[in-house]
1. Figure the gain on full extension for residue 261 and residue 507 (residue separation times 0.36 nm, minus the Cα-Cα span) and round it to one decimal in nm.
2. Report the FRET efficiency, 1/(1 + (r/R0)^6), for residue 352 and residue 171, where r is their Cβ-Cβ distance and R0 is 45 Å, rounded to 0.05.
3. Past 25 Å, Cα to Cα: identify those pairs from 75/236; 294/350; 294/356; 202/350; 202/294; 108/202, in the order given.
4. Enumerate the residues in the range 391-405 having an amide nitrogen under 14 Å from the point lying 7 Å beyond the Cα of residue 484 toward its Cβ.
5. What is the spin-label model distance, in nm, from residue 498 to residue 387 if the labels are put 7 Å beyond Cα along the C-beta direction?
6. Can you list the residues of the range 158-196 with backbone N under 20 Å from a point 7 Å past the Cα of residue 115, pointing along Cα to Cβ?
7. DSSP loop (so not H, G, I, E, B), at most 14 other Cβ within 10 Å: list which GluC sites (Glu not before Pro) in the range 81-144 pass both filters.
8. Work out the FRET efficiency for residue 524 and residue 459 from their Cβ-Cβ distance, taking R0 = 41 Å, and round it to the nearest 0.05.
Amino acid sequence: MYIIAFYLGLIAGKELERETKFVAATLIVWLASMFVMVSPYKNPYYADGRSVNVHLFEWKWDDIADECERFLAPKGYGGIQISPPNENVILWTYNRPWWERYQPMSYKLVTRSGDERQFADMLRRCNAAGVRIYVDAVINHMTGEPPENVGTAGSTAVFREWYYPAVPFTREHFNWPHCIIDGMDYVNNAFRVRNCELVGLKDLNQSDEHVRNMIVDFMNELIDLGVAGFRIDAAKHMWPEDLRVIYDRLHNLNTAHGFPENARPYIYQEVIDYGGEAISRDEYTPIGAVTEFKVGLELSNAFRGNNQLRWLVTWGPQWGLLPHEDALTFIDNHDNERGHGGGGGILTYKEARPYKAAIAFLLAHPYGEPQIMSSYWFLDSEIGPPMDAQGNIISPSINSDDSCGNGWICQHRWRQIYAMVAFRKAAAGTGLNDWWDNGANQIAFCRGGSAFIAINNDYWSLNQNLQTCLPAGTYCDVISGNKVNNSCQGKSVTVGNDGRANIFIGASEFDIMLAIHVGPESRL
């Protein structure tokens with residue numbers, strides 16, 4: 001198939017260009033190893049004192065704006081990844097599954113999350129609150145050939161003619177000859193992975209000038225409205241040199257929304273790479289950050305007890321992970337929590353005890369730029385967000401304990417998680433020091449002189465006098481309870497003049513970690 005496709009392409013005069021691009025992509029990686037290359041697209045431009053990006057999967061724009069103001073900003077979150085904002089095909093045949101959002105009909109800003117006015121209002125309100133917005137950009141492809149043919153903005157297409165008049169795209173704007181990626185291509189054929197269709201989705205040719213212009217116009221409209229950057233969906237299926245051209249044509253971030261002059265959008269590219277494939281994540285780090293899927297796999301494995309926590313003393317690139325500045329880190333995302341994208345064995349909200357501990361480690365450790373998943377409840381991995389009979393998304397309800405209802409999980413509202421966002425803020429600018437472990441699954445470490453965490457993943461209690469590196473005083477453990485009226489609802493920890501304290505985490509406690517830090521959330 002590869003030889004046939006190659007020679008057909010020679011006749012068409014296009015595939016030779018693509019083979020040249022394959023060689024060029026390899027050359028880019030080699031050059032990156034020879035020279036220090038600093039991409040301008042690796043700064044999320046969080047507001048001062050903020051960090052951590054939360055993926056509000058399938059939320060409506062109005063609800064996101066409310067959440068920025070009432071919860072995310074007060075708790076110190078830095079940003080939000082939103083679902084694709086452009087028109088997608090409506091798939092009632094499959095009961096409006098989550099993946100219909102990944103089948104674009106056009107770049108009109110109308111989805112069941114809201115219209116362009118609501119989108120712009122969300123951006124204005126969230127930026128004003130100091131919370132940045134990152135768009136999940138679906139620019140690799142359009143739809144497949146679904147049984148229905150109406151989009152969320154009312155557009156139609158002629159699927160078998162590769163005709164999308166609302167963009168417009170016609171047959172000449174897609175990759176030819178037509179082919180569909182098969183499993184072995186990922187192992188030995190980077191050319192087909194990038195030029196053939198991903199699960200039958202019509203594959204755009206990003207080297208075509210019209211395609212580039214349509215994509216750039218779409219992304220620039222979003223930047224001008226106030227977004228801070230993009231997750232590039234299916235980046236692995238596009239040529240890095242084509243993406244570089246697109247990125248370099250993007251506008252600077254909009255200073256009217258609080259961004260500094262000449263700030264470039266933050267770009268993190270979806271490249272699933274566990275090793276042993278024809279395409280490497282290293283081909284994409286010269287042009288932007290990359291989603292580091294190995295983080296979730298390795299931490300899930302460790303916190304399930306399949307690898308001892310003591311080995312996390314070298315956590316970071318020594319584990320075969322990307323360099324710190326290149327890595328968007330996470331435990332789960334909307335794909336692998338459903339078992340897709342190499343997601344087997346990934347911890348999710350359904351295993352809350354080890355999941356919370358893995359996220360606590362992720363946020364306590366200085367490695368990478370972390371993202372938190374915020375899900376809705378599901379048994380069927382295909383199911384879309386909570387909706388009414390007309391297909392309208394049902395807003396999350398907010399319970400008296402700050403948790404969510406109406407079918408929404410809202411991990412970002414779990415105390416054990418938002419408490420670690422405050423921990424990360426307190427530890428900002430510090431390294432990791434004073435590591436301790438028991439030779440197995442009990443660990444502890446400091447972040448400079450600002451924060452301390454201990455984790456007990458053994459079957460017996462942790463009861464040790466440990467160096468916390470903190471000033472003398474009494475601290476509330478932010479994991480076991482909030483500080484209220486200058487008293488601890490959960491555990492308290494007394495730190496002596498030498499920085500040491502007795503740390504106890506019982507074997508049967510639901511939360512297997514304890515965290516204290518300087519700042520008003522923890523210190524009495």
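1. Numbers: separation 246, 0.36 × 246 = 88.56 nm, distance 5.18 nm.
Length gained, residue 261 through residue 507: 83.4 nm.
2. Details: r = 49 Å, r/R0 = 1.09.
Once rounded, the FRET efficiency stands at 0.35.
3. Values: 75/236 34 Å; 294/350 20 Å; 294/356 18 Å; 202/350 34 Å; 202/294 29 Å; 108/202 18 Å.
Distance filter (> 25 Å) returns 75/236; 202/350; 202/294.
4. Once the point is set 7 Å along Cα→Cβ of residue 484, 400-403 turn out to lie under 14 Å by backbone N, inside the range 391-405.
5. It works out to 6.3 nm between the two label points.
6. Counting only backbone N, you get 166-167.
7. Working: sites: 87, 100, 116; in loops: 87.
Taking the range 81-144 and a limit of 14 other Cβ atoms within 10 Å, no loop GluC sites (Glu not before Pro) are found.
8. Working: r = 32 Å, r/R0 = 0.79.
It comes to 0.80.
Here, each number is a calculation from the coordinates, and none is a lab measurement. This structure is a prediction, so every number in the text was calculated from the model and none was measured. With ideal geometry, Cβ positions are generated from the backbone for all residues, glycine too; neighbour counts draw on all protein chains shown.
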